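Participant: Questions regarding the structure given below will be posed in turn.
Bear in mind these aren't lab numbers, they're just calculated from the coordinates by the rules spelled out. Since we're looking at a predicted model, the values are computed, not measured. Because the Cβ atoms are built from the backbone with ideal geometry, glycine has one as well, and the counts that use them run over all protein chains shown.
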Amino acid sequence: MLDILAGDIPATFLQLVTPDGVRQPDDRLDPWVEDVTGAHLVALYQDMVVVRRIDAEATALQRQGELGLWPPLLGQEAAQVGSARALRPDDFVFPSYRENAVAYCRGVAPADIVRVWRGNAQSGWDPYAFGMATPNIIIGAQTLHATGWAMGALADGVDSVAVTYFGDGATSQGDVNEALVFAASFQAPVVFFCQNNQWAISEPVGVQARVSIADRAPGFGIPSLRVDGNDVLAVMAATRIALDRARTGGGPTFIEAVTYRMGPHTTADDPTRYRPAGQLEEWAAKDPILRLRLLLDGLGLLTPEVEEQTRARADATAAVLRAGCIDMPDPEPLSVLAHVYTTPHAALDGQRANYAAYLAGFEQTSSDSTGGKA
Amino acid sequence: MTMTTIVRPSPSVAGPAPTSVPLATPVPLTGTTTLTLAKAINAGLRQAMLDDPKVVLLGEDIGTLGGVFRVTSDLLAEFGKRRVVDTPLAESAIIGTAVGLAYRGYRPVCEIQFDGFIFPGFDQIVSQVARIHYRTQGAVRMPITIRVPFGGGIGAAEHHSESPEAYFTHTSGLRVVAVSNPQDAYSLIRQAIASDDPVLYFEPKRRYHVPGAVSPELGAPMESARVVTPGTDVTLLAYGALVATATDAAIAASDESVSIEVIDLRSLSPVDYATVEASVRKTGRLVVTHEAARTGGLGGEIVAVVTERCFEYLEAAPVRVTGFDIPYPPAKLESHHLPDLDRMLDGVDRALGRRR
């Protein structure tokens with residue numbers, strides 16, 4: 001295992017399932033997934049189909065005006081599901097804004113995943129209830145939070161691990177580089193999970209880095225793994241290696257999951273303006289769900305019952321998402337002023353009182369005019 | 001003849017005092033004792049760490065060295081490297097890892113080595129620390145204290161004499177305090193650490209070595225201003241190092257039978273307007289002073305609020321005595337930039353209608 005962790009440059013590209021669904025042996029990774037049974041593979045497949053369906057439904061909701069914005073994860077299902085399903089409940093995730101499948105795997109309700117994109121709140125769930133912070137929009141900022149959390153876990157003497165998600169573009173940010181420095185310095189139990197989806201909005205990864213993203217980490221004193229991000233089994237193995245290192249005092253690990261953003265950056269983006277011809281088709285052939293289907297089919301696990309169950313689960317989740325989104329009550333007007341501080345703040349309390357009186361004035365006027373017509 | 005002809009060295013803009021002042025720090029503080037302002041903060045930090053094992057210190061050179069101003073002296077030896085953390089040299093990470101520690105239930109106290117070094121950490125402060133409680137609808141608290149030595153008058157190189165407080169009073173979700181004396185330094189650092197909201201704690205670096213009596217009592221709430229010198233003719237608002245200058249100005253003005261009420265704001269967000277308004281209703285005249293540049297400074301906001309609320313009590317337009325709208329100047333020119341006793345008295349003259 002050490003030969004793939006020791007920072008060999010360029011990093012080895014790790015893969016267990018080929019794009020055409022063939023399981024390749026790899027004695028470095030195999031021990032880490034030997035407990036993954038056929039039933040587990042089916043569950044991973046169903047997770048990926050369901051999160052792709054959530055993604056499609058949310059995109060539709062945005063097109064129908066029910067969401068202000070949506071950042072699709074289309075194409076990144078294996079990277080997110082494979083890593084998230086390797087975590088323990090007491091681990092803590094610090095995501096960017098595209099980790100919708102990670103949120104699903106952590107147990108966040110579908111409507112709560114879209115709450116922030118509907119504009120009803122700045123975050124959709126209680127981080128402590130799911131061991132996952134809410135989306136962070138400032139690029140790379142969350143990597144420092146994960147590192148600090150991990151420093152705390154180390155001080156507390158527990159073997160919980162912080163896992164932070166970010167993209168190839170984020171690796172150019174100062175915060176990510178500072179997080180790598182701090183994590184290495186304190187040997188913090190943190191996993192840096194970079195989804196290299198090839199694009200930072202319109203900028204290809206070559207604008208960010210002249211070497212593979214994974215090759216940067218050893219320079220910080222952090223071992224790295226470069227894994228096929230569209231191979232859910234390899235992603236799970238890599239994540240388990242990193243988690244095990246963190247839990248046993250080995251410090252931080254950097255994972256580059258090589259994947260592809262098959263959709264736009266967000267629903268406000270138009271990738272046809274910058275994506276080279278043929279690139280989408282090239283990556284579609286490496287689709288993470290397609291290859292798992294081929295693998296399951298080859299193993300005789302893709303039965304009509306599994307297909308039907310998967311379809312039903314995706315349909316049901318999409319229905320729950322749609323209903324939960326559309327039925328979401330608008331927030332109360334005065335909640336705009338809530339939770340800025342934990343305790344009373346004179347200036348803000350004055351503004352709240354004034355605005356409450358202002359709003360009450362409209363209600364008074366409204367009831368007055370109604371009374372006049374009557 | 002106006003009071004501005006009074007020319008004398010401003011004692012509050014003197015360099016650091018000799019280090020021969022008493023530096024003993026009884027632990028814990030059991031009764032009133034004499035401590036320098038720096039030692040008073042040290043005593044407050046130590047007491048907070050004794051009281052709560054979740055209080056941890058993060059910063060550059062705060063461990064073995066005890067901080068470049070020695071504010072954290074001896075704390076590493078007492079509490080160990082898990083609680084007194086010498087960090088790599090990156091301010092954004094000092095703040096950002098404090099956020100993660102706060103997620104885990106810690107109460108981090110970050111030291112920013114000099115005021116001018118806070119800007120690499122600015123994004124984490126305004127985009128994360130200040131708004132995570134709001135963002136998460138109250139689910140996640142950020143009880144982070146960010147200590148910042150601030151202000152000029154020590155003949156320093158660039159980026160070592162800044163007054164960046166207005167950036168933070170403008171940022172919702174933060175509480176901001178500035179201390180002026182050893183007692184407040186002790187009381188307010190303990191209150192800041194105990195606060196479940198993030199607190200920017202500004203330390204007047206040129207007053208670090210000035211001694212004063214310190215009692216372990218926490219005294220008035222952190223959010224309250226303090227009337228330093230009662231007066232009847234003009235209200236003079238100051239904070240941080242300028243409180244001493246303002247107090248000297250009040251003494252000088254009393255020679256000409258002008259009674260200045262000096263108020264130490266202590267809390268810059270929120271401002272204790274009840275105390276400020278009560279004073280202005282009594283005096284009818286207001287002078288606000290700070291070292292920070294004038295435009296967009298805290299003085300302008302205070303003048304606006306007082307004008308809104310006390311318009312009929314005002315006998316004259318409020319006056320600001322502030323730094324100029326310039327980048328911080330070289331050491332040989334800083335005395336022209338910093339409000340001193342004479343510029344404060346000039347402001348008082350204008351508030352009294354003696355000058356325009």
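Participant: Only Cα pairs under 8 Å and at least 6 apart count here; give the relative contact order of chain B as a rounded whole percent.
Facilitator: Computed value for chain B: 18 percent relative contact order.
Participant: Specify the inter-centroid distance of the range B:110-183 and the range B:308-337, based on alpha-carbon positions, in whole Å.
Facilitator: With the range B:110-183 and the range B:308-337 each reduced to a Cα centre, they are spaced 22 Å.
Participant: Also, I was wondering about something else. For the range A:214-230 and the range A:68-139, write down the distance between their C-alpha centroids in whole Å.
Facilitator: Centre-to-centre (Cα) distance: 23 Å.
Participant: Rg and Dmax in Å for the protein assembly as shown, alpha carbons only: what are they?
Facilitator: For the protein assembly as shown, the Cα-based Rg and Dmax read 29.7, 103 Å.
Participant: Would you pull out the residues with amide H under 5 Å of residue B:212's amide H, same chain only if 5 or more places away, H placed 1.01 Å from N?
Facilitator: B:35, B:36
Participant: Short version: what are the Cα gyration tensor semi-axes of the range B:223-351, square root of 5 times each eigenvalue, largest first, in whole Å?
Facilitator: They are 22, 17, 13 Å, listed largest first.
Participant: For residue B:172 and residue B:122 in one chain, what is 0.36 nm times their gap in residues minus the Cα-Cα distance, to one decimal in nm?
Facilitator: Contour length minus the Cα-Cα distance gives 16.6 nm.
Participant: For the range A:259-271, take each phi angle, set θ = phi - 60°, evaluate the Karplus expression 6.51 cos²θ - 1.76 cosθ + 1.60, and give the result in whole Hz per residue in order, putting x for glycine and proline.
Facilitator: For the range A:259-271, the Karplus-derived couplings read 9, 8, 7, 6, x, x, 4, 9, 5, 8, 9, 10, x Hz, x marking Gly and Pro.
Participant: Taking other Cβ within 10 Å of each residue's Cβ, how do A:91, A:269 sort, fewest first?
Facilitator: A:269, A:91
Participant: Further question on the same structure: Applying the Karplus parametrisation 6.51 cos²θ - 1.76 cosθ + 1.60 with θ = phi - 60° to the phi angles of the range B:58-67, what ³J(HN,Hα) value in whole Hz is obtained for each residue in order, glycine and proline being reported as x?
Facilitator: Running phi through 6.51 cos²θ - 1.76 cosθ + 1.60 with θ = phi - 60° gives 10, x, 8, 6, 7, x, 4, 6, x, x Hz.
Participant: Check residue B:56: other-chain or 5+ apart residues with amide H under 5 Å from its amide H, H built from backbone geometry?
Facilitator: Here B:107, B:109 satisfy the definition.
Participant: Something else about it: Per-residue ellipticity at 222 nm for chain A, helices alone: DSSP H runs ≥ 4 residues times -39500 (n - 2.57), over residue total, nearest 500 deg cm²/dmol?
Facilitator: -14500 deg cm²/dmol
Participant: Which angle between 0 and 90 degrees, to the nearest 10, do you get for helix B:298-310 versus the longest principal axis of chain B when only C-alpha atoms count?
Facilitator: 60 degrees
Participant: For B:257, B:180, B:187, what's the fewest-to-most ordering of other Cβ within 10 Å of each Cβ?
Facilitator: B:257, B:187, B:180
Participant: Find how many whole Å separate the alpha carbon centroid of the range A:10-55 from the alpha carbon centroid of the range A:266-335.
Facilitator: 17 Å
Participant: Once every DSSP H run of n ≥ 4 in chain B is given -39500 (n - 2.57) and the sum is divided by its residues, what mean residue ellipticity at 222 nm do you get, rounded to the nearest 500 deg cm²/dmol?
Facilitator: Computed ellipticity for chain B at 222 nm equals -8500 deg cm²/dmol.
Participant: So which DSSP H runs in chain A come out at 27 Å plus along the axis (Cα) with average Kyte-Doolittle of at least 0.0?
Facilitator: Answer set is A:38-63.
Participant: How do A:47, B:325 line up, fewest other C-beta atoms within 10 Å first?
Facilitator: Lowest count first: B:325, A:47.
Participant: Pairs of alpha-carbon atoms within less than 8 angstrom and 6+ residues apart define the contacts here; what relative contact order does chain A have, in percent?
Facilitator: Relative contact order for chain A comes out at 24 percent.
Participant: Let me know the whole percent of all Cα-Cα pairs from the range B:296-356 that are separated by more than 14 Å.
Facilitator: 63 percent
Participant: Taking just the C-alpha trace of the range B:130-247, give me its Rg and Dmax in Å.
Facilitator: Expressed in Å, the Cα Rg and Dmax of the range B:130-247 come to 15.6, 48.
Participant: With an 8 Å Cα cut-off and a minimum separation of 6 or more residues, compute the relative contact order for the range B:223-351 in percent.
Facilitator: Over the range B:223-351, the number comes to 28 percent.
Participant: Calculate the tail of P(r) for chain B: the fraction of all Cα-Cα distances greater than 28 Å, expressed in %.
Facilitator: When all Cα pairs of chain B are counted, 41 percent exceed 28 Å.
Participant: Another question, if that's okay. Can you spot the lysines whose alpha carbon is less than 23 Å from residue B:39's alpha carbon? Ignore those fewer than 8 places along the same chain.
Facilitator: B:54, B:81, B:205
Participant: Moving on. Taking amide hydrogens as modeled 1.01 Å from N in the peptide plane, which residues meet the under 5 Å criterion relative to residue B:269, leaving out close sequence neighbours?
Facilitator: B:176
Participant: What percent of all Cα-Cα pairs in chain A falls in each 20 Å bin, counting up from 0?
Facilitator: 27, 54, 15, 3, 0
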